[in-house]
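Asks: Have a look at this one before I ask anything.
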Amino acid sequence: MPEPASPQVEHAIAVCAAHGNAASELIEILHDIQDEAGCVAEETLPAIAKALNLARAEVHGVMSFYHDFRRAPAGRVRVQLCRAESCQSRGASALIEDFCARHDVALGQTSRDGMLTVEAVYCLGNCALSPAAMVNGRLVGRADVARLDALVAEAR
Amino acid sequence: MRIYVPADSAALSVGADETAAAVDAAIAARGLDATLVRNGSRGMFWLEPLVEAETPAGRIAFGPVTAGDVDSVIGAIVDGTAHPLALGLTEEIPYLKNQERLTFERVGVTDPLSLADYEAHGGLAGLRAALGMDGAAICKEVLDSGLRGRGGAGFPAGIKWKTVHDLPEGQKYICCNGDEGDSGTFADRMIFEGDPFLLIEGMVIAGIAVGATEGYLYIRSEYPRSIEVMKRAVAIMEAAGWLGANVGGSGRTFWLKVRRGAGAYICGEESSMLESIEGKRGTVRSKPPIPAISGLFGRPTVINNVLTLAAVPLIMDKGAQFYRDYGMGRSTGTLPFQLAGNIARGGLVEKAFGVTLRELVEDFGGGTASGRPFRTAQVGGPLGAYVSAGMLDLPMDYETFAENGAMVGHGGIVVFDDTVDMGAMARFAFEFCEIESCGKCTPCRVGAVRGKETVEKILRGEDVAKNVALVEDLCEVMRDGSLCAMGGLTPMPVLSALKLFPEDFDRAPKLAAE
């Protein structure tokens, strides 16, 4: 008897089926899985590959190419700080340094308590209100440390 | 009475939802016969959240209105009294009045998801006109308008369309590139969120023109609200019969799918975008074949930017000549410029080509936000050149900018004051290329890394003259040897910074005798 699939794998198979098991839908599939599970777990990749009739390497290749997809869930609070040119012109570099130092977390990492993930992002389309940030999907204009701290505290 | 509070992402980012909730509460508390409409943004972002109210004289504006200001603003609206945040008639605000809004005619004016509102403001007239024409005639109209690709390359849209139209019948596609990743740009986002039906209308016209029955709209994942609004707009257009198997009762077919990006800047490059829509890694394709001949799934494909397709309904409605009467030289029509970065009045300014950078930065933008002197602006995104104060009188048109070693690109203008370190910006240009390169070709993949390292050496004062020469040489290799604009244009910001601001790179240790 084969081992029963884990709930994560079952979910991944169901998402693939919902997309007609079409390989061209792979990015939408990975998004849907991650939206629900918080990440695309390693153990789901063979099942996705099988469902879409792709090589596992192809699924891995797509996963690793795009910045959005993650193997492990982010912290409960996900802060994206824009470091593109427009935000740099309004002090984004100092803001990022300051924010990371206050929360004792490196850019691109999750805090030791697993609560806060801080990521760099390159443009959120809010360049007339730089610097821009996004906290759990919510766009923040004219971001400063005080506002970000308040939003992080609220989201914790 | 209708009261407007934008639901545009930028407005939301400075508290528009809180303002809207307060407006709703004030309407209820005062028992007003008023409805709250969540419009797009007028594009005057320093005034967001901008609250507007209908009056017999026209719409009046207040801004920026925080939730705490709402009660007094509503009081001023109802009683017709003065208010410190009052801006008068919206249309008379110089920033708006001095624009030539063609593509952005309805953005901020209408309820973005009300098809009735859309039609009442001239929507669908272009598509209705197109449905009465054959494909070749539509392509000719677009060609005659002089409309060029607004993504940056400026290739004539009509030629692309005609190429796809002239190929034998069979599966063809329309792909709209909504991967607006350039820093300093947000015009596409404002269309998605402020006038989504316009873009759909443009895509349907393109489909009918070239005989494509399927379209894809690719939107970057950094724009979650845009994705949501566009998906709802597609559903509304399907339900109303403007998308689907019988477009507007014409018997023609056009289906539209919205696809999410996944955080890769390179997918704004058209062939990478195609790969991404096909569910693959976003690596660029070699050309030829061009996508018009072999594009999505190997089929003939029209790929246009959001602003290109959004310009089409007006051209079909008012005619090619009307559009061509705007602009200068071979740059016809208008471009929605985006004022960003360190600028006092950042926002969207749609003007005919030919407007100068100075008019945009100083007259519209009001100079820097910090109040410090202007030093440079990066025009046309992260792959565009930095310009000096001496270049501010250049008219914005594709050819003039190209002659001056710069590019108009997608119309984004990022302003910097005199605190900017151009050495750091040159280093960043290479770093960005390193992070976002798809990795397919060596000049881009390796050049970005070596370029960054070499600029770092310059900034540490190591062999400055020798390393500057090395960077220049590397830039030539990247420009001439890269497969696409990512590697090919990264030299643009680097070399412009080196040329115009050499003092920022002159970090050689000074001799003690000096």
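Asks: Restricting to segment B:265-294, give me the number of residues that are in contact (Cβ under 8 Å) with a residue 40 or more places away in the chain, open to solvent by less than 10 Å² (accessible area, probe 1.4 Å) and either on the phi > 0 side of the Ramachandran plot or within 14 Å of chain A (Cβ to nearest Cβ) (or both).
Replies: Number of matching residues: 9.
Asks: Same structure again: Filter segment B:1-44 down to residues that are outside any strand (DSSP E or B), free of Cβ contacts under 8 Å to residues at least 40 places away in the same chain, of a type outside the set (A, V, I, L, M) and closer than 25 Å to B:Ser226 by Cβ, then give me how many there are.
Replies: Total satisfying the criteria: 3.
Asks: Which pairs have Cβ atoms under 7 Å, sit 6 or more apart or on different chains, and link a residue in segment A:78-89 that is closer than 13 Å to B:Leu339 by Cα to one that is β-branched (Val, Ile, Thr) and surrounded by fewer than 24 Cβ atoms within 10 Å (Cβ to Cβ)?
Replies: Every condition considered, the pairs that remain are A:Ser89/B:Val420.
Asks: If you don't mind, there's one more thing I want to ask. Please find, among A:Ala132, A:Ala128, the residue that is facing chain B (nearest Cβ under 8 Å), under 18 Å from B:Tyr265 (Cβ atoms) and crowded, with 17+ Cβ neighbours inside 10 Å.
Replies: Result: A:Ala132 is the single residue among A:Ala132, A:Ala128 that is facing chain B (nearest Cβ under 8 Å), under 18 Å from B:Tyr265 (Cβ atoms) and crowded, with 17+ Cβ neighbours inside 10 Å.
Asks: Another question, if that's okay. Show the residue pairs that are 6+ apart or on different chains and have beta-carbon atoms under 7 Å apart, the first residue being within segment B:342-358 and open to solvent by less than 10 Å² (accessible area, probe 1.4 Å), the second being modelled with pLDDT of 95 or more and among the basic types (Lys, Arg).
Replies: B:Asn342/A:Arg90; B:Glu350/B:Arg101
Asks: Moving to a separate point now. Find the helices (runs of 4 or more DSSP H) located wholly in segment A:1-100 whose residues include 2 or more that are open to solvent by 40 Å² or more (accessible area, probe 1.4 Å) and not hydrophobic (A, V, I, L, M, F, W, C), and list them.
Replies: Helices (runs of 4 or more DSSP H) meeting the threshold: A:7-18, A:26-37, A:45-52, A:56-65.
Residue by residue, here is whether (1) touching a Cys at 6+ places or on another chain (Cβ under 7 Å); (2) farther than 23 Å from B:Thr376 by Cα; (3) in contact (Cβ under 8 Å) with a residue 60 or more places away in the chain; (4) open to solvent by 50 Å² or more (accessible area, probe 1.4 Å) holds:
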position: B:Ala402; (1), (2), (3), (4): no, no, no, yes
position: B:Ala426; (1), (2), (3), (4): no, no, yes, no
position: B:Ser437; (1), (2), (3), (4): yes, yes, yes, no
position: B:Lys440; (1), (2), (3), (4): no, yes, yes, yes
position: B:Asp463; (1), (2), (3), (4): no, yes, no, yes
position: B:Cys484; (1), (2), (3), (4): no, yes, yes, no
position: B:Arg507; (1), (2), (3), (4): no, no, yes, yes
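Asks: Working carefully through the options B:Ser331, B:Ser388, find the one that is within 19 Å of the chain's Cα centre (by Cα) and away from every other protein chain (no Cβ under 14 Å).
Replies: Criteria check complete, one pass: B:Ser331.
Asks: Which one of these is within 19 Å of B:Met486 (Cα to Cα), at pLDDT 95 or above and of a type in the set (Gly, Ala, Ser): B:Gly405, B:Gly384?
Replies: Residue meeting the stated conditions: B:Gly384.
Asks: Still on this structure, please answer the following. Residues to consider are B:Asp17, B:Asp24, B:Asp8; find the one that is open to solvent by 20 Å² or more (accessible area, probe 1.4 Å) and within 14 Å of another protein chain (Cβ to nearest Cβ). Show your work before the answer.
Replies: Values: B:Asp24 fails: within 14 Å of another protein chain (Cβ to nearest Cβ); B:Asp8 fails: open to solvent by 20 Å² or more (accessible area, probe 1.4 Å).
Step by step, each of B:Asp17, B:Asp24, B:Asp8 is checked, and only B:Asp17 is open to solvent by 20 Å² or more (accessible area, probe 1.4 Å) and within 14 Å of another protein chain (Cβ to nearest Cβ).
The values are calculated or read from the model by the stated rules, or taken from the named source; none is laboratory data. Remember, it's a predicted structure, so these values are computed and weren't measured experimentally. Glycine also receives a Cβ, built like all others from the backbone with ideal geometry; neighbour counts cover every protein chain displayed. The area values use the complete protein model at the heavy-atom level, side chains included, leaving out ligands, DNA and RNA. Shrake-Rupley method; radii C 1.70, N 1.55, O 1.52, S 1.80 Å.
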